[in-house]
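Student: The structure under discussion is supplied below as structure tokens; questions concerning it will follow.
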Amino acid sequence: MSQIKAIDVSYCQSGVDYKKVKSAGIGAVLIRAGYGRETYQKDSQFETHFKNATAAGLPTGVYWYSYANSVEDAKREAKACLACINGKKFDYPIYYDMEESWQAQLGKTLCTAMAKAFCEAIVAAGYKAGVYANLNWFNNYLDYESLKKSHSIWLAQWASSCSKDCDIWQYSDNGKISGISGNVDLDLVIKLTSTSSTTSTTQNRNATVKDVQTWLNNTYKSGLVVDGIYGANTKAALVKALQTELNKRYNTGLVVDGIYGSKTNAAVRNIAYGTSGNLVKVLQGLIICNGYTLGLLDGIYGYQTINAVRNYQSAHKLNVDGVAGKNTFASLCK
């Protein structure tokens with residue numbers, strides 16, 4: 001398996017141009033979701049990193065920084081992490097980041113138990129899990145062999161080579177990458193396979209930005225480049241599709257200009273669970289392009305679509321009712 005160049009990011013990086021990052025040869029992004037045991041400790045840049053990296057077609061993973069001092073604390077941190085990621089799908093595991101010096105004083109047995117408790121809670125929620133730590137930690141404060149048997153290992157060792165078997169190797173903390181201001185951590189994905197690159201049956205595959213672009217081209221002759229990047233042209237094409245469908249269904253007389261203005265917003269009707277058709281496909285396309293995972297782009301407002309809408313509404317502080325109305329469409333199209 002060829003190695004994949006990756007970066008890991010947090011609130012320390014803002015305004016990242018993920019198109020440039022991808023063009024620079026980066027093939028994956030590991031994002032800090034937050035830290036500690038409370039949901040208010042969610043990383044302030046998590047949603048932005050996830051949305052923009054996904055829109056650029058980059059596989060993602062997550063890490064959660066630990067301040068736990070007991071197994072129960074670690075379980076609470078897992079609960080907070082799961083609440084903050086809010087059902088999003090990732091290509092790589094969710095990692096428990098353990099590196100506080102005072103935690104090391106708790107001893108190897110307790111630190112390992114904490115790591116296992118966090119990972120087990122993550123796995124129980126349907127995700128893959130792993131542990132991030134530096135070489136000193138894996139040598140002295142964590143039972144590396146025990147953890148490696150059941151969970152992924154992400155090793156931080158800033159050197160010319162890594163001295164332990166691992167799935168991801170963080171080899172630098174002062175990388176320079178086009179599209180990012182300042183330094184960024186550099187990683188190599190050594191053994192993991194992105195779930196976005198695996199083949200599955202048609203019924204189980206997830207729709208992507210490329211699927212949305214292909215549908216827009218086939219249905220509305222949008223003339224988009226099918227590149228998997230959610231840029232201004234794809235956004236305008238989705239708004240044009242929305243305007244076209246509102247005109248067809250409700251005779252709203254909108255100018256099909258790709259601009260989501262006050263008249264378009266006023267013309268939007270609520271669509272909800274059980275409805276179907278191209279208006280639902282437009283909604284699904286907007287959800288996908290805003291970084292949320294769906295099943296097929298099928299125009300059916302089913303369980304996956306309502307869950308994705310609710311997740312989006314929760315993340316953007318909208319009324320979480322699973323109904324796509326004016327406020328939800330306005331947020332998706334902004």
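The values are calculated or read from the model by the stated rules, or taken from the named source; none is laboratory data. As the structure is a prediction and not an experimental result, all values here were calculated from the model. Ideal geometry is used to build each Cβ from the backbone, glycine not excepted, and the neighbour counts take in all protein chains shown.
Student: Please list, ordered by first then second residue, the pairs with beta carbon atoms under 8 Å, 6 or more apart or interchain, first in the stretch 40-54 and not assigned by TED's automatic domain parsing to the domain that holds Thr293, second surrounded by fewer than 18 Cβ atoms within 10 Å (Cβ to Cβ) and outside any helix (DSSP H, G or I).
Tutor: Pairs found: Asp43/Tyr11; Ser44/Tyr11; Gln45/Tyr11; Gln45/Ser14; Thr48/Ser14.
Student: Would you check which residues across the stretch 236-257 are free of Cβ contacts under 8 Å to residues at least 60 places away in the same chain and either within 17 Å of Leu224 (Cβ to Cβ) or outside the structural domain of Gln304 (by TED's automatic domain parsing) (or both) and list them?
Tutor: Selection gives Ala236, Ala237, Lys240, Ala241, Gln243, Thr244, Val256, Asp257.
Student: Further, regarding this structure: Looking at the stretch 258-273, is at least one residue assigned to a helix (DSSP H, G or I), touching a Leu at 6+ places or on another chain (Cβ under 6 Å), more than 25 Å from Asp321 (Cβ to Cβ) and outside the structural domain of Lys22 (by TED's automatic domain parsing)?
Tutor: The answer is no, given that none of the residues of the stretch 258-273 is assigned to a helix (DSSP H, G or I), touching a Leu at 6+ places or on another chain (Cβ under 6 Å), more than 25 Å from Asp321 (Cβ to Cβ) and outside the structural domain of Lys22 (by TED's automatic domain parsing).
Student: Determine whether Thr305 is among the β-branched types (Val, Ile, Thr), touching a residue at least 24 places away in the same chain (Cβ under 8 Å) and touching a Lys or Arg at 6+ places or on another chain (Cβ under 7 Å).
Tutor: no
Student: Return the pair list, or none, for Cβ contacts closer than 6 Å from residues in the stretch 89-109 that are farther than 30 Å from Thr305 by Cα to residues that are among the aliphatic types (A, V, I, L, M), at least 6 apart or on different chains.
Tutor: Pairs found: Met98/Ala133.
Student: Additional query: Can you work out which of the residues in the stretch 236-267 that are in contact with a helix residue (DSSP H, G or I) (Cβ under 7 Å, 6 or more places away or on another chain) and basic (Lys, Arg) is nearest to Lys20 (Cα to Cα)?
Tutor: Among those residues, the one meeting the criterion is Lys240.
Student: Inspect all residues belonging to the stretch 46-62 and state whether any of them is closer than 18 Å to Met114 by Cβ, buried (at least 21 other Cβ atoms within 10 Å of the Cβ) and not hydrophobic (A, V, I, L, M, F, W, C).
Tutor: No, the stretch 46-62 contains no residue that is closer than 18 Å to Met114 by Cβ, buried (at least 21 other Cβ atoms within 10 Å of the Cβ) and not hydrophobic (A, V, I, L, M, F, W, C).
Student: Got a number for residues in the stretch 273-308 being modelled with pLDDT of 90 or more and touching a strand residue (DSSP E or B) at 6+ places or on another chain (Cβ under 8 Å)?
Tutor: Residues flagged as modelled with pLDDT of 90 or more and touching a strand residue (DSSP E or B) at 6+ places or on another chain (Cβ under 8 Å) within the stretch 273-308 amount to 5.
Student: Further question: Collect the residues in the stretch 41-82 that are within 17 Å of the chain's Cα centre (by Cα), of a type in the set (Gly, Ala, Ser) and not in a helix (DSSP H, G or I), keeping them in residue-number order.
Tutor: Ser44, Ala56, Gly57, Gly61
Student: Does Tyr95 satisfy the criteria of being more than 18 Å from the chain's Cα centre (by Cα), modelled with pLDDT of 95 or more and either crowded, with 17+ Cβ neighbours inside 10 Å or of a type in the set (A, V, I, L, M) (or both)?
Tutor: Criteria not met by Tyr95.
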